[in-house]
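First up is the structure itself, then whatever we jot down about it.
The values are calculated or read from the model by the stated rules, or taken from the named source; none is laboratory data. These numbers were taken from a predicted model, which means no experiment stands behind them. Positions of Cβ are generated from backbone atoms using ideal geometry, with glycine treated the same way; all protein chains shown enter the neighbour counts. All accessible areas refer to the heavy atoms of the entire protein, side chains included, with ligands and DNA or RNA removed. Shrake-Rupley method; radii C 1.70, N 1.55, O 1.52, S 1.80 Å.
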Amino acid sequence: MNPIRKAIVFGLISATASALAVLAPAVASAEDGEIFTLGILADIDSANPFVGYSGSAYEVFQMEYLTLTQYAADDFAIVPGLAESWEEAPDQLSWTYNIRPGMAWSDGTPITARDAAYTFNRILNGKQESVNYYPYTANITSVEAVDDLTFRINVDKPSPIMERLYVYILPEHIWSGVDKKEVATFKNEGTPESPIVGSGPYLMIERQPGQFIRFAANPKYFRGEPAVKEVVWRIFLNVDALGEALKKGEVDAATDLTPTVWSNLRDTPGITAVASANTYFNHIAFNTGAALVDGTPIGDGNPAVRDARVRRALSLAIDREAMTERLLQGLGTAGSTVIPPMYADLHLTPASGVEYDPVLAGQLLDEAGYPLGPDGVRVGSDGQPLTLRFFGRSDGDADSEKILEYIQAYFADVGVTLETNLVSTDVIITKYGEGKYDLYEWGWGVEPDPNYMLSAFTCANRSYEDEGAIYSTLSDSFYCNEEYDALWEAQSTETDSVRRAEIVRQMQQMLIDDMPYLVLYYPDQLSAYRSDRFAGFIPQPRENGAILFQYGTWTWDALAPVTAEAAASEGASASASASGEGSSASTPTSESGGSSTLPFIVICVVVVAIGVGVVLFLRRRSSADLRE
């Protein structure tokens, strides 16, 4: 999941490490139960909920902090979270949330409505604090703690998203000590001596960037202390190494696997492999005209990609079906719009604009003023070749380098040259924030409500300047269209679901017509776990949904060691499931919790990353060569 947003997946080089440490008395000891080790390909960019963008960072946030409401595991319906009930006023201009009584932060401090009021006020009044949460708070005029258990939000217009506020409620007694100047650099990382103070099922107690993150179970969690007492994320920078670690039992689960690695795990005894429908898409973002939120131009983007005809032409140059089949091996579908097909009521199936038509692509490029030169390369009115800078992630998606190769070949077929460059995720974030790129490859996880995803294309979400520094927000294409903004405002205040869905489809069509993004494909979420060791993997949604990195903590809540009998049964009959069959494993009884502590070996592998951040002028290959 992301939840939500930018997916940062690490690949290319390998370094793994993890560590044991004595836990502070304030958190549970791993000796009381199993350690669950998750292998991932995505270190977090920040553990600070006001700073982090990556999907892995959002997973940390929701493990540590509750939201007012939650998305149900079965069907994404809205269910209670920090608030046990809520009500809209008759005039539709305020919402009242009733906070669960008797709840406490992990340090024992009572959780009250004042924590919710503090969090929302900080977002409403801050710059950095508002970046991740503006789409939820744009219509909010004020908030107040009526009393310790009653929280009220006032809005300027009726809103369909007030039950879907994905805002993590933070402890005022901790965060009030972090001032507005410090917030952008505040790490919010727990230590064994000083764990994170939170309300979720797990709390960070240690982090070594690029190596591991440790979490301890929260004994004060409102659903009860989790059966698994410690969770460790081991960060792998090579997906093949991650697959081998799962086979050897060095990790208990893995996610974001490639089709090849996932397929190799399917028939391994004791392992259940799950291919889930995903809320994620891979895309190429164009620099449509980098500017600050006030319209001040920034960056050095090529003027060619400001022309929608060029962007549409480059979309038509890509054979999404062929590329998807080659990369995903049937474990995903070709892309089209920014709302994935999983959300059938909202997804638009466009009539045109995403088909493969290199002839029409050439005609559009001619029309835009870029005719073919004698060497087959298009030139502009200045006589210079049409050459674009294309960035991929050197520490990103395991398929990022392959995507660059495919796109370079497809564009070469219509006469457009790409200079491809693999750089670190941090470099890409800086480049898109400052507008110093032409196009780059990335991905998004889309939450069940479309408001947040669609906000990434509004003028208000362009970069901003503060004390001479430029900061990125949600827009990585700098798309700015007043008509689109008006539709975003309309959907954010339309309470009739049918009418809102129609507006959302109109917005998707506008994005197809203007093409700030080329949505490449919707990959399945490929995960696998040691079903001979752990059970309780809850799919979201129930029908073929994700078992890890969800919109909620359903698997983290239910995760537990298997009983000896279940393990023996698994060993005798285990086989992987391509359709998610294994994700419905029953949660064992409480007697099975805390059976034994797995020995955890500290491994430090230091490697030299060759080629990171170096421009790769890949040999021009025809798209026919790549499709052989």
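When residues in the stretch 359-376 are screened for being buried (at least 17 other Cβ atoms within 10 Å of the Cβ) and either of a type outside the set (Gly, Ala, Ser) or in contact with a Leu (Cβ under 8 Å, 6 or more places away or on another chain) (or both), 5 of them pass. For residue 108, work out the one condition from (1) part of a loop (DSSP other than H, G, I, E, B); (2) touching an Asp or Glu at 6+ places or on another chain (Cβ under 9 Å); (3) small (Gly, Ala, Ser) it doesn't fulfil. Failed condition: (2).
Of all residues in the stretch 50-105, those satisfying the criterion of being in a strand (DSSP E or B), aliphatic (A, V, I, L, M) and open to solvent by 20 Å² or more (accessible area, probe 1.4 Å) are 78, 79, 104. Out of 358, 341, one residue alone is in contact with a His (Cβ under 9 Å, 6 or more places away or on another chain) and modelled with pLDDT of 95 or more. It is 341.
When you look at residue 261, is it under 23 Å from residue 328 (Cβ atoms) and under 20 Å from the mean Cα position of the chain (by Cα), yes or no? Taking the combined requirement at face value, the residue does not satisfy it. Here residue 274 passes the criteria (1) under 15 Å from residue 332 (Cβ atoms); (2) assigned to a helix (DSSP H, G or I) except the one numbered (2).
Kindly establish whether residue 39 is open to solvent by less than 10 Å² (accessible area, probe 1.4 Å), more than 21 Å from residue 144 (Cα to Cα) and at pLDDT below 95. So that I can check it myself, show each step before the final result.
Details: open to solvent by less than 10 Å² (accessible area, probe 1.4 Å): yes; more than 21 Å from residue 144 (Cα to Cα): yes; at pLDDT below 95: no.
No; evaluated as a whole, the condition is false for this residue.
Here residue 402 meets each of (1) crowded, with 23+ Cβ neighbours inside 10 Å; (2) more than 17 Å from the chain's Cα centre (by Cα) with one exception, condition (1). Pull out all pairs, ordered by first then second residue, where Cβ-Cβ is under 8 Å, the residues are six or more apart or on different chains, the first lies in the stretch 171-195 and is among the charged types (D, E, K, R), and the second is assigned to a loop (DSSP other than H, G, I, E, B). These pairs meet every condition: 180/126; 180/127; 187/46; 187/47; 187/48; 189/47; 189/196; 193/24.
Does residue 239 satisfy being within 18 Å of residue 172 (Cα to Cα) and open to solvent by 10 Å² or more (accessible area, probe 1.4 Å)? Criteria not met by residue 239. Residue count for the stretch 407-445 satisfying the condition of being buried (at least 24 other Cβ atoms within 10 Å of the Cβ) and either among the charged types (D, E, K, R) or out of contact with any strand residue (DSSP E or B) (no Cβ under 9 Å at 6 or more places or on another chain) (or both): 2.
Run down 111, 78 and say which single residue is touching a residue at least 12 places away in the same chain (Cβ under 8 Å), touching a strand residue (DSSP E or B) at 6+ places or on another chain (Cβ under 9 Å), over 28 Å from residue 494 (Cβ atoms) and aliphatic (A, V, I, L, M). Walk me through it before giving the result.
Working: 78 fails: over 28 Å from residue 494 (Cβ atoms).
Going through 111, 78 in turn, the sole match is 111.
Determine whether the stretch 446-458 contains at least one residue that is closer than 18 Å to residue 517 by Cα, surrounded by fewer than 22 Cβ atoms within 10 Å (Cβ to Cβ) and among the hydroxyl-bearing types (Ser, Thr, Tyr). Within the stretch 446-458, one or more residues are closer than 18 Å to residue 517 by Cα, surrounded by fewer than 22 Cβ atoms within 10 Å (Cβ to Cβ) and among the hydroxyl-bearing types (Ser, Thr, Tyr).
Evaluation of residue 119 against the conditions (1) open to solvent by 10 Å² or more (accessible area, probe 1.4 Å); (2) farther than 23 Å from residue 557 by Cα; (3) outside any loop (DSSP other than H, G, I, E, B) shows that the sole unmet condition is (1).
Identify, please: which residue in the stretch 471-500 is among the aromatic types (Phe, Trp, Tyr) and in contact with a Gly (Cβ under 7 Å, 6 or more places away or on another chain) and is, among those, most open to solvent (accessible area, probe 1.4 Å)? Lay out the reasoning, then the answer.
Going residue by residue through the stretch 471-500, those that are among the aromatic types (Phe, Trp, Tyr) are 471, 478-479, 484, 488.
Pick out the ones that are also in contact with a Gly (Cβ under 7 Å, 6 or more places away or on another chain) and you get 471, 478.
Working: 471: 79, 478: 5 Å².
Top of the filtered list is 471.
Of all residues in the stretch 194-221, those satisfying the criterion of being hydrophobic (A, V, I, L, M, F, W, C) and under 21 Å from residue 175 (Cα atoms) are 196, 197, 203, 204, 205, 215, 216.
Report whether or not residue 464 is in contact with a strand residue (DSSP E or B) (Cβ under 7 Å, 6 or more places away or on another chain), in contact (Cβ under 8 Å) with a residue 24 or more places away in the chain, surrounded by fewer than 22 Cβ atoms within 10 Å (Cβ to Cβ) and of a type outside the set (A, V, I, L, M, F, W, C). Yes, satisfied. Filter the stretch 530-544 for residues that are in a loop (DSSP other than H, G, I, E, B) and closer than 23 Å to residue 561 by Cβ and give the result. Of everything in the stretch 530-544, those that are in a loop (DSSP other than H, G, I, E, B) and closer than 23 Å to residue 561 by Cβ turn out to be 531, 532, 533, 536, 537, 538, 539.
Residue-by-condition table, conditions (1) buried (at least 21 other Cβ atoms within 10 Å of the Cβ); (2) within 30 Å of residue 500 (Cβ to Cβ):
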site: 162; (1), (2): yes, yes
site: 180; (1), (2): no, no
site: 185; (1), (2): no, no
site: 188; (1), (2): yes, no
site: 192; (1), (2): no, no
site: 195; (1), (2): yes, no
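Just one residue in the set 256, 267 is acidic (Asp, Glu), closer than 21 Å to residue 444 by Cβ and open to solvent by 30 Å² or more (accessible area, probe 1.4 Å); that residue is 256. Looking at the stretch 317-336 only, could you name the residues that are under 13 Å from residue 410 (Cα atoms), open to solvent by 10 Å² or more (accessible area, probe 1.4 Å) and among the hydrophobic types (A, V, I, L, M, F, W, C)? Correct list: 322 only.
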